[in-house]
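A short reminder: the numbers here are calculations on the coordinates, not readings from a lab. The structure presented is a predicted model; accordingly, all values stated were derived computationally and were not measured. Positions of Cβ are backbone-derived with ideal geometry, glycine not excepted, and every protein chain shown enters the neighbour counts.
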Amino acid sequence: MAGLVTGESIIVADKMLEGAGIKVVKGEVLRVDAAARNVFVSGGETFGYDKLFLATGADAIMPPLEGNDLEGVLTLRGLADGWKIKSCIADKNAVNIVFIGAGFISMEIASLLSENVDRLLNISVIEYLDRPLPLMLDYDMADVVRPYLEQKGLNMFLNEKAEKLVGSNGQVTGVVLGSGKKLDADVVIVNVGARANVELAEQIGLEMGRFGIKVNGFQETSNPDILAGGDCVEKINFITKKPTPGRLRGPAVMQGRLAAKRLAGYDVEFPGVLDAGGCKMFDMTVAATGLTAANAALEGIETVCATVDSRSKHAMIAGMKPWKIKLVFDKKTQKLIGGQIVSHAVAPAKEIDALTAFILAGRTIPELTTFTAACNPDISSEPSAEPITLCAEQAWQKLRQLGRTQ
Ligand SMILES: Cc1cc2nc3c(=O)[nH]c(=O)nc-3n(C[C@H](O)[C@H](O)[C@H](O)COP(=O)(O)OP(=O)(O)OC[C@H]3O[C@@H](n4cnc5c(N)ncnc54)[C@H](O)[C@@H]3O)c2cc1C
């Protein structure tokens, strides 16, 4: 959309799959006869199977807003949606672009358009909650992000609801907010979540969860011959053990591999998701894993948190960029349950993966006070300023003050 990569470069080439002995069939699966183990495809072909893997993904949700059928109101899921947004912006010579929802998809597209379209755009982002990236960041961490985005020229409308879309001659011209404000809009891009594609699974009669097809730890559905994975299945959150959508690439890829392993006779179970992810906006990177303190509170988990300012390189090295980390611990078990990073350097991706590994391993506050990171002046902070250790020490102090240290 921003012209940085070609559409073709993100598609797996048929010949790569065919080279691995896979027959590629282009068409829509219209029906599955699970009793006869047949799949019926739009081109008229029928394929028999011994085992079937469903990976039907998810579709973007269009909320039931008045005016959502106007020309120029778009969602983004696949490549075709990307082409549509790109041509709509070009055809309308759009200047006023409004995003509904401040999740990672809106924020990345907004920053890419702002940087790469060769005219000055008036970009606004409307978010119902009080912060950008609300599923990734707590308010205190998002409070660093919001002014940066505003300074980059994005108009952030937080604690605001898109009430209705208005237009003339069938074309969208504006968004009316709950507060009564009206934003001019040539194009409106709606990113408020996705819904699992479960029509085939429902037609087969597979057991469903709240967020998609129900599967066990080996990706098996309620039908022993049908496995499923990715965005179309319901995941289990690793920490709360409760059902969750978990619609990200990491789990999708891993669940595909696990299903293949299961069929090849290996018994490796999926451990659940932590929703680890990243978002790059202009020169700022946000990465997060596990639960935010806000989401933990919604789950009834009392937390103790610590925030530390760190550096991408040793302080004396040229090009050093500051970054900020927050760790969230379960106050009762003292286990790490979440981490958030806001950074002007890309490097902290390694810290977020370290945090994911710590959460999966059940590491506690005292254990993390002895974490010793790799150190090199040009690629890491000083060991004395290692932020994960410092956060753990800070959290320990807080617990001590609360009289809870063992
Ligand atoms: C704009 C955007 C950016 C994203 N960025 C990130 C990111 O940075 N990091 C991250 O972790 N995740 C990201 N995600 C999420 C990630 O793309 C998904 O989690 C991932 O693609 C899920 O893979 P999947 O195979 O389950 O589903 P999909 O990739 O959606 O694939 C499902 C496919 O099944 C096809 N299909 C559905 N029904 C049928 C049928 N009946 N017959 C034939 N074919 C059918 C669909 O057309 C689709 O091609 C992003 C998502 C979007 C929309």
What's the ranking of 187-196, 393-402 by average number of surrounding C-beta atoms within 10 Å, highest first? 187-196, 393-402
Search the structure for amide H atoms under 5 Å from the amide H of Gly217, placed 1.01 Å from N in the peptide plane, and list their residues when 5 or more places away or on another chain. none
Scale the Cα Rg of the range 283-401 by the rule-of-thumb value 2.2 N^0.38 Å and send over the ratio, two decimals. 1.02
If you consider only alpha-carbon coordinates, what radius of gyration and Dmax does the range 161-261 have, in Å? 19.3, 55
Pull out a ≥ b ≥ c, the square roots of the eigenvalues of the alpha-carbon gyration tensor of the range 21-124, then state rounded if a/c is under 1.5, prolate if not and a/b is larger than b/c, and oblate in the remaining case. prolate
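May I ask you to order 262-270, 136-144 by the average number of other C-beta atoms within 10 Å around their residues, highest value first? Could you put the intermediate results ahead of the total?
On the way: 262-270: 12.1, 136-144: 20.0.
Packing proxy ranking, top to bottom: 136-144, 262-270.
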Share of alpha-carbon pairs per 10 Å distance bin for the range 119-170, given as whole %: 23, 45, 24, 7, 1
Put a dot 7 Å past each Cα toward the Cβ at Leu360 and Leu129; how far apart are the dots in nm? 2.4
Return the long-range amide H neighbours of Ile379 (sequence gap of 5 or more, or a different chain), with a cut-off of under 5 Å between placed amide H atoms. His314
Using alpha carbon coordinates only, what is the Rg to Rh ratio of the range 60-194, with Rh defined as the Kirkwood radius? 0.93
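May I ask you to order 324-330, 204-210, 154-160, 21-27 by the average number of other C-beta atoms within 10 Å around their residues, highest value first?
Going by the mean number of other Cβ atoms within 10 Å, highest first, we get 324-330, 154-160, 204-210, 21-27.
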Report the relative contact order of the range 60-194, percent, no decimals, based on alpha-carbon pairs under 8 angstrom and at least 6 residues apart. 37
Cα centre as origin, Lys/Arg/Asp/Glu Cβ charges: the range 60-194 dipole, Debye: 200
Along each of the three principal axes of the Cα atoms of the chain, give the extent in whole Å, ordering the values from largest to smallest. 68, 58, 41
Pairs Lys84/Lys161; Lys92/Lys152; Lys15/Lys350; Lys84/Lys324; Lys84/Lys164: which are spaced more than 28 Å apart, C-alpha to C-alpha? Lys15/Lys350; Lys84/Lys324
Just how far, in whole angstrom, is the range 1-71 from the range 171-231 if you go by their alpha carbon centroids? 15
